[in-house]
Each structure stands twice: as structure tokens, then as C-alpha cells.
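K.L.:
My questions will all concern the structure given below.
The values are calculated or read from the model by the stated rules, or taken from the named source; none is laboratory data. Computed from a predicted model, the values in this text were never measured in an experiment. A quick note on method: Cβ atoms are made from the backbone with ideal geometry, for glycine too, and the neighbour counts reach across all protein chains shown. For accessibility, only protein heavy atoms count, side chains too; no ligands or nucleic acids. Shrake-Rupley method; radii C 1.70, N 1.55, O 1.52, S 1.80 Å.
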Amino acid sequence: LAQRAAQVNGSLAVLGALQADTFYGRRADIRVPLVSVTRASDQTFAQGTPTEVQFTSVSHDTGGFFSSANNTRLTVPTGFGGLYLFGFNAQVVVSVAASFADARVRLNGDAGNALLWDRDTNDLSTTLRIFGGVGARHLVDGDYLEVLVNTDGVGTVTVDWTSGFEYSPRFWMCRLGL
């Protein structure tokens, strides 16, 4: 009975450690390649120009996906190619009414290669719009993803950051397998 109790307690301890730490990649013995980045302030730029969102804050990075030298990108590190789940969300405010606004994830800097695209063509006055999406793609070592925001019009676009919420903008990816 004592031996069985020790086995059960050991299993529960392992299960608890996995549940608490696996997703965030905190355990050295469990390598879950993932990254999650955000901003620590608003980003404002001119309407009418597709612009990369610049990320300034790293929530998690278990494999070196993010570099502050290329802060618009999440890059697949050497040895981590495979099937990835990725996503983004962003709150966007325009200063002058626009006929469209969109946000997209592109692969390797190719503006025509949008892996995800969320577009709004409703009345885009100066109100807040929320964009986001989730996708999956096989990526090889060195591939990188970026989030772009775009509108037409002549004013400014602000990718809104709200203190304390940390959900805009958010960009992440996690390897699912080979």
C-alpha cells in the first residue's frame, strides 16, 4: 500500500508540474517551442501605408524566436522547423474616416503572401476596430512572420495598447510538431 501511495503521489506531482509549466515552456526538460510578444505603448503611423507592428515586450520565448533588432518579426530558429499554430490580435483606431482597415500576417516579407487577413469595410470613422486571427502553417528554419496594419485615408492609424490588459497588440506562435 505504501509503495502504491508513493507511485500515485509521484504521478500527481509530475502531472501538476506539466499542467503548470508545459504551455509556457518553463521546464528545462520539456522543450515547447513558443513565443508571445506585445507592445508597451501605442504605435502610430500614417494611414494609406501598410505598416509592420513593432513589438517591444516579450511574454514568453522558449527558443529565440524574437529579436529586438528585428522587432516586427517572429523567426523560426535553427532546428525548430515544423507545423506551427500562430495568431495575432490588435485594436486599431484611425484619426480620419477610412473605407477599409485590415490587419494581416505575412510570411518572409512578401506583401502578397498573407497567411491571415482580417478586413473591415464597415463605416470606419474614428472608432476602435479589433482585428485578429489564428492560422497554421508548416514553417522551415529561418522563416519569419510579421503583422501588418493598413487603412486608406489621410490621417493616422494607432495600434492601441491598453495598460493592464496586455491583449493588444499580441502576436504569438507555437510549434505543434514536425
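K.L.:
If you take the residues in region 84-98 that are β-branched (Val, Ile, Thr) and open to solvent by 30 Å² or more (accessible area, probe 1.4 Å), which one is farthest from residue 146 (Cα to Cα)? Give the steps one after another, and end with the answer.
P.N.:
Quick first cut of region 84-98, residues β-branched (Val, Ile, Thr) only: 92-94, 96.
Adding the requirement that they be open to solvent by 30 Å² or more (accessible area, probe 1.4 Å) leaves 93, 96.
Details: 93: 20, 96: 25 Å.
Result: 96.
K.L.:
Another question, then. Which condition number does residue 28 fail, the rest of (1) open to solvent by 30 Å² or more (accessible area, probe 1.4 Å); (2) in a loop (DSSP other than H, G, I, E, B); (3) closer than 21 Å to residue 177 by Cα; (4) modelled with pLDDT of 90 or more being met?
P.N.:
Among (1) open to solvent by 30 Å² or more (accessible area, probe 1.4 Å); (2) in a loop (DSSP other than H, G, I, E, B); (3) closer than 21 Å to residue 177 by Cα; (4) modelled with pLDDT of 90 or more, the lone unmet condition for residue 28 is (4).
K.L.:
Could you list all residues from region 160-178 that are more than 14 Å from the chain's Cα centre (by Cα) and either of a type outside the set (D, E, K, R) or at pLDDT 90 or above (or both)?
P.N.:
161, 162, 163, 164, 165, 176, 177, 178
K.L.:
In region 60-83, which residue that is of a type in the set (S, T, N, Q) and not in a loop (DSSP other than H, G, I, E, B) is farthest from residue 146 (Cα to Cα)?
P.N.:
68
K.L.:
Restricting attention to region 42-59, and to residues there that are open to solvent by less than 50 Å² (accessible area, probe 1.4 Å) and not in a strand (DSSP E or B), which single residue is farthest from residue 155 (Cα to Cα)?
P.N.:
Once the filter is applied, the top-ranked residue is 55.
K.L.:
If I ask for residues that are free of Cβ contacts under 8 Å to residues at least 60 places away in the same chain and over 16 Å from the mean Cα position of the chain (by Cα), which ones from region 28-83 would you list?
P.N.:
Matches in region 28-83: 28, 29, 30, 31, 69.
K.L.:
Open to solvent by 50 Å² or more (accessible area, probe 1.4 Å), aliphatic (A, V, I, L, M) and in contact with a Ser or Thr (Cβ under 7 Å, 6 or more places away or on another chain), is that true of residue 101?
P.N.:
In short, no.
K.L.:
For the condition more than 23 Å from residue 56 (Cα to Cα) and at pLDDT 85 or above, what is the one hit in 82, 132?
P.N.:
Working: 132 fails: more than 23 Å from residue 56 (Cα to Cα).
Of the residues listed, the single one that is more than 23 Å from residue 56 (Cα to Cα) and at pLDDT 85 or above is 82.
K.L.:
Across region 137-178, what is the number of residues that are among the acidic types (Asp, Glu) and open to solvent by 40 Å² or more (accessible area, probe 1.4 Å)?
P.N.:
3
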